[in-house]
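The values are calculated or read from the model by the stated rules, or taken from the named source; none is laboratory data. Please read these numbers as outputs of a predicted model, since none were measured by experiment. Here the Cβ is made from the backbone with ideal geometry for all residues, glycine too, and neighbour counts use every protein chain on show. Side chains are part of the model used for accessible areas, which takes the heavy atoms of the whole protein and leaves out ligands, DNA and RNA. Shrake-Rupley method; radii C 1.70, N 1.55, O 1.52, S 1.80 Å.
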Amino acid sequence: MDADLFAYLEDFLTPRRRELFKDILALRTKHITVVTEGVYQLHNTSAVVRSCDIFGIQELHVIEEIEGRRIDKEIAMGAQKWVDVIRYDSVQSCIATLRDQGYKIIATTPHGEAVGPKKLDITDKIALFFGKEGDGLSDYVMQQADAHLTIPMYGFTESLNISVAAAISLYELVGRLRSENINWQLTEAEINQKRIDWTLKSIKNADQIIDRFLEDRNIG
């Protein structure tokens, strides 16, 4: 999108919203990303989207090998507009894509040799994999993982609801990320791309407005 068109579209936003986009994007990250495997309960996936937005995680990867489900917008509370949800039909394609992007695969599990959020190495980009409550992640993810993450628990229950586990993990890891000497912020190109994307999502009938702008410019 050229600069003149983007400036024209931004005029449809309030000054407060324009500044809010800039402020939030300065705190967004792709250094940590989240992956859900086989989570078909709408409220769980939607709550994870909301946690990603709250903690500044820009991308959520959703593996749906059985059947796709829409995100429950009421529970996500609009977060799906601001978080990029990337869907896969196989865990193999998801892991291959993330590895190509430089991510270490981190499997969350209450069992085996795993470290807590305070000790997990976050120097490199990490993709946090969460599975269904009870069943957990598939054997394939567990075998492919570069490291395993656990949340210390002290009661009889051995697993957390996925949305709770994701929120706790992100709270700890994002807090560490911002306090350590790691280049975690979005690139300038990524920030500009999201400013355009969020602006378009904020304007009613954006396509018609763009067509009218281009038509008027061609006539002029």
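Observations
- Per-residue accessible area (protein heavy atoms, 1.4 Å probe) orders E215, E113 as E113, E215, starting from the largest.
- For the chain, the relative contact order is 25 percent, taking Cα pairs closer than 8 Å that sit 6 or more residues apart in sequence and dividing their mean separation by the residue count.
- Computed lengthening from R99 to D197, 0.36 nm per intervening residue step minus Cα-Cα distance: 32.7 nm
- Phi angles across segment 82-99 convert, under the Karplus curve 6.51 cos²θ - 1.76 cosθ + 1.60 with θ = phi - 60°, into 3J(HN,Hα) values of 10, 9, 7, 9, 10, 9, 9, 9, 8, 5, 4, 5, 5, 5, 4, 5, 5, 5 Hz, Gly and Pro given as x.
- Residue-span extension gain [K119 to I168] - 0.36 nm each, minus C-alpha spacing: 16.2 nm
- Per residue accessible area of the chain, 1.4 Å probe, in Å²: 55
- Area of R50 that stays accessible when all protein chains are in place (1.4 Å probe, Å², to 10): 100
- Carbon-plus-sulfur accessible fraction, the chain (probe radius 1.4 Å, protein heavy atoms only): 49%.
- Between I182 and F12, residue separation times 0.36 nm minus the direct Cα-Cα distance comes to 57.6 nm.
- Take 1-9, 84-92, 191-199 and order them by the average number of nearby Cβ atoms within 10 Å per residue, most first; the result is 191-199, 84-92, 1-9.
- The label-point distance for A189 and K22, in a model that sets each label 7 Å from Cα toward Cβ, rounds to 2.3 nm.
- Paramagnetic label zone (point 7 Å from Cα along Cα-to-C-beta, I219; backbone N under 19 Å) in segment 7-36: 8-9
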